[in-house]
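The values are calculated or read from the model by the stated rules, or taken from the named source; none is laboratory data. Just so it is clear, the model here is predicted, and its values are computed rather than measured. Because the Cβ atoms are built from the backbone with ideal geometry, glycine has one as well, and the counts that use them run over all protein chains shown.
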């Protein structure tokens, strides 16, 4: 197995565990794949046997109904996990994960992930808050879908993609997030997305300098009753 810790840090058990080193190196049950754009990390219906960690890049997660309707349920980036539901008994992937930019993806086999969670408190301290925050986000997404207009949902999606509310200013959204993808995330048509994006631009809430930039003023749409 590859190194699990920085050799300079020791405790009573010998070499201490470093979660970031674990998530950056390969081992017997850990492999890293360099994924080009449009590479499928896993597909809906595949056996759920591993957890994936995005070292670098961006990944789109989408689901498809039996009737052929598709919905984008997440855009994930560096530092995010995929497939963690296998840890609680999910046997089949319920979504398809596709790289929308060149990405470096670490695959961790289920048993290895469970072992580390049980044996390494430092890793649990990193992983459990992440899973809880994803759960809260899922609940917020459901409320947004049930009670807000498509215009409000689009505004919220753009703010989330720009990491509004985190330290620093909203970042430029990567060019790979096109209007078709936004429509899939919001649950509306591409023509509606195009209409609202033009409206947001005219109102000064977004601009297209060096890519799509989102301004804090877009929050006015989300808060509008």
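Summary of computed values
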item: From the options 122, 110, 37, residue that is closer than 23 Å to residue 158 by Cβ and touching a residue at least 60 places away in the same chain (Cβ under 8 Å); result: 37
item: Test: residue in segment 59-74 that is over 20 Å from residue 160 (Cβ atoms) and in contact (Cβ under 8 Å) with a residue 60 or more places away in the chain; result: no
item: Qualifying residues in segment 185-213 (those that are part of a loop (DSSP other than H, G, I, E, B) and touching a strand residue (DSSP E or B) at 6+ places or on another chain (Cβ under 8 Å)) - the one farthest from residue 162 (Cα to Cα); result: 187
item: Residues of segment 214-225 that turn out to be in a loop (DSSP other than H, G, I, E, B) and either buried (at least 16 other Cβ atoms within 10 Å of the Cβ) or without any contact (Cβ under 8 Å) to a residue 40 or more places away in the chain (or both), as a count; result: 2
item: Of all residues making up segment 197-213, the number that are farther than 20 Å from residue 75 by Cα and surrounded by 13 or more Cβ atoms within 10 Å (Cβ to Cβ); result: 6
item: Failed criterion for residue 151 (all others in (1) closer than 29 Å to residue 20 by Cα; (2) modelled with pLDDT of 95 or more hold); result: (1)
